[in-house]
Amino acid sequence: MVSVTSVDGYEVSTDQDRLDVDLVFRFLSEESYWSPGVPRAVVARSIENSMCFGVYRGEDQVGFARIVTDKATFALVADVFILEPHRCKGLSKLLMREVMEHPDLAGLRRVLLLTSDAHSLYAEFGFTEIANAWRFMEVLDLDAYGPT
């Protein structure tokens, strides 16, 4: 199901065919703090296997969010960004509202995300620090994409 919402000349869409994979790759590999050096093939595969939201001004993509989900019990919000020239216009809030209100993500028991710098944004959508963080475990390979 493709959803599209338009506000003030910007549009949020879940149409995978509209995504500019090269733009997402460039941002994630060159500008993000969370995935420097990520290979394009990894980005492409992650998009193919996730629920994605693009933010557009006309035909140009200006933002992105990727949701890893089973659409029944769990989702992980990842790779959320708005390009610099389009920030401070409420687009991250618009994007997150569309994510959190999407019918395929309704009624999930748990929605997670990781952030180093946007706690106040995500708090507006009900996110809090993990109450029982000791229950969570991870395998983290900081060298998975090679040296950065």
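The values are calculated or read from the model by the stated rules, or taken from the named source; none is laboratory data. Because the structure is a prediction, the values reported are computed rather than measured. Cβ atoms come from the backbone with ideal geometry, glycine included; neighbour counts cover every protein chain shown.
Couple of notes before you dig in:
- Unique residue being surrounded by fewer than 15 Cβ atoms within 10 Å (Cβ to Cβ), of a type in the set (Phe, Trp, Tyr) and out of contact with any Pro (no Cβ under 8 Å at 6 or more places or on another chain) when the list is Tyr33, Tyr10, Tyr56: Tyr33
- Taking the listed residues Leu28, Leu83, Leu91, the one that is surrounded by 16 or more Cβ atoms within 10 Å (Cβ to Cβ), in contact with a Gly (Cβ under 6 Å, 6 or more places away or on another chain) and either farther than 23 Å from Phe127 by Cβ or touching a residue at least 40 places away in the same chain (Cβ under 8 Å) (or both) is Leu91, with no other qualifying.
- Across region 106-148, the qualifying residues are those that are modelled with pLDDT under 90 and surrounded by 10 or more Cβ atoms within 10 Å (Cβ to Cβ), and the one among them that is farthest from Ser32 (Cα to Cα) is Ala144.
- Qualifying residue in region 71-83 (condition: more than 19 Å from Val111 (Cβ to Cβ) and more than 11 Å from the chain's Cα centre (by Cα)): yes
- Selection count where residues are closer than 16 Å to Val68 by Cβ, without any contact (Cβ under 8 Å) to a residue 24 or more places away in the chain and among the aliphatic types (A, V, I, L, M), scope region 102-136: 0
- Region 31-46, subset touching a residue at least 24 places away in the same chain (Cβ under 8 Å) and of a type in the set (A, V, I, L, M, F, W, C), residue farthest from Glu84 (Cα to Cα): Val42
- Check on Phe127, farther than 20 Å from Thr14 by Cβ, in contact with a strand residue (DSSP E or B) (Cβ under 8 Å, 6 or more places away or on another chain) and of a type outside the set (Asp, Glu): yes
- Qualifying residue in region 43-57 (condition: over 22 Å from Leu114 (Cβ atoms) and not aliphatic (A, V, I, L, M)): yes
- Selection count where residues are among the hydroxyl-bearing types (Ser, Thr, Tyr), without any contact (Cβ under 8 Å) to a residue 60 or more places away in the chain and touching a Ser or Thr at 6+ places or on another chain (Cβ under 8 Å), scope region 1-25: 1
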